[in-house]
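Notes follow once the structure below has been shown.
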Amino acid sequence: VNTNEKRYIPMNGVPSFYVAAFHQKMDNMIGSLYSKQNDVISDTKVEWNNRYGGHQIDLTGGFRFFNQSYNVTTQNGYNTGNDKTPLISGTNQKQIGGNIEKWATLTWYGQAKYNYANRYFADATVSMQSSSRFGKNTEKGIKLGGVSWGIFPSLQLGWIITNEKWFPSTKGAINYLKLTAGFDQSGNDDLDYYAARTYWESMKVTNNTVGLYLNNIENSSIQWETTTKWNVALQGVFLKNRLTAGLDLFWHKTTDLLTVRELHFMSGMKKYWTNEGALTNRGFEFHANAALINRKNWKWELGASLGHYNNLIKELPDSPSNWFRVGDKMVHGYTSSIYGEDNVLTAVGESVGSFWGWETNGIIRDDEQAREAGALGYLKYPTGLKEEGKKYSDFKAGDVLFVDQNGDGVIDEHDKVVIGNPNPDIYGNIYSSLTWKDLRLDVNFKYSLGNDVYNYQRSELEGLNTTYNQTTAALRRWTYEGQNTDMPKACYTDSEDWRNNERMSDRWVEDGSYLKLKNVRLTYKIPYSNSWLLGLKVWGEGNNLFTITKYLGTDPEMSCRNSSLYQGIDTGLLPSGRSFNVGVSINL
């Protein structure tokens, strides 16, 4: 895959924009990017199976190989002076960057399946995996061929209880009953390519000189994180095959979690990759499907599923500066700046990706309420540069009334709390299939309850702190003494004012629960067949037809990225659109 692109933001017709690297606003920008990626993927295996009386044996063995080579070069130039001859060489504000990565993984694996008399089942698998991202001196695994290998076994056992000779006759009450249980281990090598490497990086020192600085110290013991999964499930068919139901319980624990340790400032660096974390994830999934009507011309099946999980951080690297008050306890963790500043919390005893910010209690309606808001009068907020001692200003009428959690009269970092969780309490589907002769109607709903969404898009369009266009909610903003409203006054924030009414707070965290009609399909089976045409169907369907939700954004079923820390964050990506399709299915 080769990518070569050029881009340009002109001066005319476009507002100036802030570039953090230069700490200033720019009038225009010209940039280019070139990247090249080569992937080689191979999976080679040998299979063998045979039956000996009531014993069925299936064996599989092989190896998987993945190799990736990637390099990228970027350059940006700002304030070229005009839109007619925008040249990077003509500006002093330049950014030049790039990256080179070459890594590979190799996995040897073997699998054995056993089935005795269709009553007892066993499925055993073991894999041995190595990655060039691992350090040279990993503490776990085995050393072979000069590299470290992780060993990951799994075992699943099954028992069809109803196939036993001693199982009593229930006259169709219980037609099928299967119990399964087992465990599985897997490794994850998704860590920074340079975590196990010491490297220097170039930086511009003066206009004409470039220097090198140490940007990472290798961790030679960095290795894969291991997830152990335990599960037990019961599947059954009941009432003369009219009801199917199943319950699956699971418990997962991840050890040697790939985390980042904070380094002392004397090192000249901020972070260091380690295997010093652990988390658990436990829950259940239940499903049921019932044939409510089963006649010659009419058939109706109705089903539903329900799931719940709870993940908790159990261990993280210890650091004196990374302690937070959550409720009435102090927890150890880290904050991440994801479409905001220090707004996503990863802490021991909390769920992954918890939203971290300030709790609010409405808008200060008048000066009298402002004078009584704090412990000793006006609530205060820090102003000026944080390094220059303590300076404070007062929250006034029209500002957001933030909750002073510790009662010191100042709204600062010590008043932040967990204000949301992107993980749902329950989730699942509801589906129906109705058949009349050769006509079939399928309907599928999807639901989620209890999940929170950080509406970043609304925080930008209703923050009232920039020159950007705002939504019509700005018409409700506070404008006069004594006004009761849910929108603060417009207050442009400059570098010396830390009032930040638009800061990360529960104003931007919404209930993301929803019920969505995902799919409706109508199928007609044409009653015709011959020696070469076995079946002919015509169908039409609609997708994402409607959503019932209180969420104010475009779609509560979204996340801006796949990473666990980006779940439930709405950045304005295009939602799943409504679509309609028709088709013909031909079975020859």
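Please enumerate, by chain and number, the lysines with C-alpha under 19 Å from the C-alpha of Lys84, excluding those fewer than 8 residues away in the same chain. Within reach: Lys6, Lys94. Amide hydrogen proximity for Ile338: with H placed 1.01 Å from N in the peptide plane, the residues at 5 or more positions away or on another chain lying under 5 Å are Asn343, Val344. Stretching Glu262 away from Asp39 to a fully extended chain increases their span by 76.9 nm, per 0.36 nm per residue minus the current alpha-carbon distance. Summarising the label geometry, the points placed 7 Å from Cα in the beta-carbon direction at Leu552 and Leu449 lie 2.5 nm from one another. The Cα trace of region 1-117 gives Rg and Dmax of 27.3, 85 Å, the first to one decimal, the second as a whole number.
Between Phe284 and Ala20, residue separation times 0.36 nm minus the direct Cα-Cα distance comes to 90.5 nm. Here's the list of lysines a cross-link from Lys380 could span, going by alpha-carbon distance under 19 Å and ignoring same-chain residues fewer than 8 apart: Lys390, Lys391, Lys396, Lys416, Lys489. Residue-wise HN-Hα couplings along region 511-518, as the Karplus relation 6.51 cos²θ - 1.76 cosθ + 1.60 with θ = phi - 60° gives them from phi, are 6, x, 4, 7, 10, 10, 7, 6 Hz; Gly and Pro carry x. Considering only the Cα atoms of region 400-534, their convex hull presents on average a projected area of 15.5 nm². A simple packing score, the average count of other Cβ atoms within 10 Å per residue, orders the peptides 441-448, 481-488, 138-145 as 441-448, 481-488, 138-145, with the highest score first.
The H on the amide N of Tyr392, modeled in the peptide plane, is under 5 Å from the matching H of Thr383, each at least 5 residues off or on a different chain.
Charge tally for Gly90 (other residues, Cβ to Cβ under 14 Å; Lys, Arg +1; Asp, Glu -1): 0.
Shape index of region 342-461: Rg/Rh, with Rg the Cα radius of gyration and Rh the Kirkwood radius from the inverse mean 1/r over Cα pairs, equals 1.25.
Over all Cα atoms in the chain, the spread is summed up by Rg and Dmax: 30.1, 91 Å.
Listed by chain and number, the lysines whose C-alpha is less than 19 Å from the C-alpha of Lys525, apart from same-chain residues fewer than 8 away, are Lys296, Lys299, Lys437, Lys537. Rolling a 1.4 Å probe over the protein heavy atoms gives the chain an accessible area of 57 Å² per residue.
Could you tell me the convex hull volume per residue, in Å³, taken over the Cα atoms of region 542-583?
Hull volume over Cα atoms, normalised by residue count, gives 88 Å³.
The rule of thumb for compact globular proteins, 2.2 N^0.38 Å, goes into the C-alpha radius of gyration of region 189-273 2.08 times.
Across region 372-377, rounded Karplus estimates of 3J(HN,Hα) from the backbone phi angles (6.51 cos²θ - 1.76 cosθ + 1.60, θ = phi - 60°) give 9, 6, x, 5, 10, x Hz, Gly and Pro being marked x. Its Cα gyration tensor gives region 69-192 an equivalent ellipsoid. The semi-axes, each the square root of 5 times an eigenvalue, are 59, 24, 10 Å from largest down. Using θ = phi - 60° in the Karplus curve 6.51 cos²θ - 1.76 cosθ + 1.60, the 3J(HN,Hα) couplings for region 346-356 round to 10, 9, 4, x, 10, 6, 5, x, 5, 7, 10 Hz; x is entered for Gly and Pro. Sorting 574-586, 453-465 by average packing, meaning the other beta carbons within 10 Å per residue, from highest down gives 453-465, 574-586. The listed peptides 394-403, 86-95, 560-569, ordered by packing as a protection proxy, come out as 394-403, 560-569, 86-95 (highest mean of other Cβ atoms within 10 Å first).
The values are calculated or read from the model by the stated rules, or taken from the named source; none is laboratory data. Everything numeric here is computed off the predicted structure, so don't read it as measured data. As a convention, Cβ positions derive from the backbone with ideal geometry for all residues, glycine included, and neighbour counts pool all protein chains shown. To get the accessible areas, we keep the full protein, side chains included, count just its heavy atoms, and leave off ligands, DNA and RNA. Shrake-Rupley method; radii C 1.70, N 1.55, O 1.52, S 1.80 Å.
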